[in-house]
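Some notes on the structure that comes next.
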Amino acid sequence: MRAMVSATIRTAALRHNLGIIRQRAPASKVMAVIKANAYGHGLAAVAQALDQADSFAVARLEEGLTLRKAGITQPIVLLEGVFDQEQLAVAAEARFELLVHSLEQIQLLRASTAMGKFVVWLKLDSGMNRLGLRADQFAQARTALESLPNVIAPVRLFTHMANADTPEHPGTAQQLKLFDKVTAGLPGERSIANSAALFAFPHAQRDWIRPGLALYGVSPFTQSTGSDYALQPVMTLTSRIIALKSIEAGEHVGYGSIWTARRTTRLAIAAVGYGDGYPRNVAAATPVLVNGMRAPLVGRVSMDMIGIDVTDLQRIETGSQVILWGERMPVEEIAACAGTIPYELLCGISQRVASQVV
Ligand SMILES: *Cc1c(COP(=O)(O)O)cnc(C)c1O
């Protein structure tokens, strides 16, 4: 039985994108960022496809455990670390690498009776002011960590850029400068760059890069798409036409009757809506591909359906394929139409969407 809405995940594209990323940062190891269900692509399937990555990064302990249960043996980094002794014990058992971004987390390690030694990434808050130790706390925190018997020395050094996707923003240079100043002369591998930084700031690549979005074939910059970097989209979100009709000029479509036909219109209804994760607040005439041809969305996005003006297309019938984003319909373009970023659309695929890994 064919699903009404499916997200096709191309593992060949994932591997291709990892190759492109390695070409961009040939001296760096790759920590593949697969948090949030691998940006909606499926945690275990993506990790299995990316078996050539040097490590994986997730946000939460549960995500790491899902990977271990799926048989993933590579190093797994918890990007937010752990928050109590129970989590710390589970992390030790699962051999997770830990981010340490606060003095509380050093206390947790000091008080721990869990067996095993941790690879620890100490996070500097170099200007994003979200997670991380302040510059004036960093050296002392590092010394404290390295004195603990359950921490592997040297501690690794980590920070995160707030504005790498806006290359002209002066903040990135300031953050890099502060990181280099605070970590000058220290041993330990370094990691700074997300997708945007690895493309826009080669100087930020260091020992480990941390690509997320680029692995999925999507550009982290608003004025480009993944294909500008030779990346291939991994997810294609597909539905199909379930009804066709003609409406007369002056008639309306959908809730609120916000769209009015200006001519006799061939209207197609496709089985996809915000209940699947297609954004409700897209701009008028946001494009979709029907049988490979672009056509504009009309009327409001419903929970389970959208309307499409197919007057100018030939040979559309019920069952015709509709592509919402993915191959030949960049998710970057749809995100712009929805006033959001591709990250949110990809992560927002709902649970009823069937995932098809090819
Ligand atoms: C999510 C995340 C990344 C990956 O970011 P992209 O923009 O998707 O490449 C890298 N580092 C950290 C700390 C993150 O939270």
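The values are calculated or read from the model by the stated rules, or taken from the named source; none is laboratory data. All of these numbers come straight from a predicted model, not from anything done at the bench. Cβ atoms come from the backbone with ideal geometry, glycine included; neighbour counts cover every protein chain shown.
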**Message:** Can you tell me how many residues within the stretch 113-138 are surrounded by 23 or more Cβ atoms within 10 Å (Cβ to Cβ), closer than 11 Å to residue 101 by Cα and in contact with a Phe, Trp or Tyr (Cβ under 9 Å, 6 or more places away or on another chain)?
**Reply:** 4
**Message:** With the structure loaded, tell me whether residue 268 is away from the ligand (no atom under 16 Å from the Cβ), buried (at least 22 other Cβ atoms within 10 Å of the Cβ) and not polar (S, T, N, Q) or whether it fails that test.
**Reply:** yes
**Request:** Within the stretch 305-329, work out how many residues are surrounded by 17 or more Cβ atoms within 10 Å (Cβ to Cβ) and either in a strand (DSSP E or B) or aliphatic (A, V, I, L, M) (or both).
**Result:** 14
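Residue by residue, here is whether (1) outside the structural domain of residue 328 (by TED's automatic domain parsing); (2) among the hydrophobic types (A, V, I, L, M, F, W, C); (3) outside any loop (DSSP other than H, G, I, E, B); (4) within 16 Å of the ligand (Cβ to nearest atom) holds:
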{"position": "3", "(1), (2), (3), (4)": "yes, yes, no, no"}
{"position": "18", "(1), (2), (3), (4)": "yes, yes, yes, yes"}
{"position": "41", "(1), (2), (3), (4)": "yes, no, no, yes"}
{"position": "116", "(1), (2), (3), (4)": "yes, no, no, no"}
**Message:** Tell me the residue from 89, 47 that is at pLDDT 95 or above and crowded, with 18+ Cβ neighbours inside 10 Å, please.
**Reply:** 47
**Asked** Within the stretch 189-206, can you find the residues that are within 14 Å of the ligand (Cβ to nearest atom) and either part of a loop (DSSP other than H, G, I, E, B) or under 15 Å from residue 327 (Cα atoms) (or both)?
**Response** 192, 193, 194, 201, 205, 206
**Message:** For the list (1) within 16 Å of the ligand (Cβ to nearest atom); (2) crowded, with 17+ Cβ neighbours inside 10 Å; (3) under 17 Å from residue 31 (Cβ atoms), I need the number of the one condition that residue 75 fails.
**Reply:** (2)
**Prompt:** at pLDDT 95 or above, touching a helix residue (DSSP H, G or I) at 6+ places or on another chain (Cβ under 8 Å) and aromatic (Phe, Trp, Tyr), is that true of residue 229?
**Reply:** yes
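Matching residues to (1) touching a Cys at 6+ places or on another chain (Cβ under 7 Å); (2) of a type in the set (A, V, I, L, M); (3) closer than 15 Å to residue 33 by Cβ; (4) at pLDDT 95 or above:
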{"position": "129", "(1), (2), (3), (4)": "no, no, no, yes"}
{"position": "149", "(1), (2), (3), (4)": "no, no, no, yes"}
{"position": "188", "(1), (2), (3), (4)": "no, no, no, yes"}
{"position": "191", "(1), (2), (3), (4)": "no, no, yes, yes"}
{"position": "223", "(1), (2), (3), (4)": "no, no, no, no"}
**Asked** Restricting the first residue to the stretch 337-357 and requiring it to be assigned to a loop (DSSP other than H, G, I, E, B), which pairs with a second residue that is surrounded by fewer than 16 Cβ atoms within 10 Å (Cβ to Cβ) and at pLDDT 95 or above meet a Cβ separation below 7 Å and a spacing of at least six or different chains?
**Response** 338/281; 339/281
**Prompt:** Out of the stretch 207-239, which residues are more than 12 Å from the ligand (Cβ to nearest atom) and either surrounded by fewer than 21 Cβ atoms within 10 Å (Cβ to Cβ) or among the aromatic types (Phe, Trp, Tyr) (or both)?
**Reply:** 207, 222, 223, 224, 225, 227, 228, 229, 230, 232
**Prompt:** For the stretch 51-59, does any single residue satisfy the condition of being at negative phi, within 19 Å of the chain's Cα centre (by Cα), assigned to a helix (DSSP H, G or I) and without any contact (Cβ under 8 Å) to a residue 24 or more places away in the chain?
**Reply:** no
**Complete:** Looking across the stretch 30-39 at residues that are over 8 Å from the mean Cα position of the chain (by Cα) and closer than 19 Å to residue 343 by Cα, the single one that is farthest from the ligand (Cβ to nearest atom) is 37
**Request:** Could you run through the stretch 78-114 and say how many residues are part of a helix (DSSP H, G or I), under 25 Å from the mean Cα position of the chain (by Cα) and within 16 Å of the ligand (Cβ to nearest atom)?
**Result:** 0
**Asked** Restricting attention to the stretch 120-138, and to residues there that are in contact (Cβ under 8 Å) with a residue 24 or more places away in the chain and more than 16 Å from the ligand (Cβ to nearest atom), which single residue is farthest from residue 181 (Cα to Cα)?
**Response** 137
**Prompt:** Going by the conditions given, is residue 67 over 16 Å from the mean Cα position of the chain (by Cα), modelled with pLDDT of 95 or more, of a type outside the set (Gly, Ala, Ser) and within 28 Å of residue 354 (Cβ to Cβ)?
**Reply:** yes
